[in-house]
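The structure appears below as structure tokens.
We did not get these values from a lab; they are worked out from the coordinates using the rules stated. Just so it is clear, the model here is predicted, and its values are computed rather than measured.
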Amino acid sequence: MISFTVSQLVKRFMGSEEASISQDHSPLAEHLNDQYELGIDLQHTATLTEIEATVRLALQSKIAEHKKVTSDEMYLALEKQSLLMVLDRAWKEHLSAMDHLKRGINYRSYAQKNPAHEFKKDSFSLFEQMLEKIKLQTVRQLCLVQIKPPPKTITPGGYQITMNPHKTHQVESTENEAVKN
């Protein structure tokens, strides 16, 4: 998922290889700082490959920081919970988009197009977009998660996991709840 995220971000902000050499890297750096809380400097990278490698390494190290704070089981539960939250949200949005598509697909017949064929084509496109969104949002959520050690009054091992409240929904859990799920 990280490789996909990196390639999509670089493609969106940098474009082709020739354009990336002379292009300003600050929009990509600002996006990474705003959306993923990665404070990286891309000014010393010249090629698209170097930019991708720098961003990939930064994302991997950001996610690896969270692995160091918790146990392996707790981190796997965190990854699972993050993926399921993103998947659930994306699936609901996909179903809503499919409903809108279904309501308006008959108008394609006025343009002398087969509505059934157009529905299949558009619904497959919507599904691919949903899969891309799931990958991007899962990596983003894993970068934004904040893991706080348990206070002294709570039972040992009860880590508190929260998302950055100004970035996305807040999630609170203890290690015991995460392992049960």
For segment 1-132, what percent of Cα pairs sit more than 26 Å apart? 46
Beyond 20 Å (Cα-Cα) in this structure, taken from Lys80/Lys148; Lys67/Lys148; Lys11/Lys133; Lys68/Lys148; Lys67/Lys133, we find Lys67/Lys133
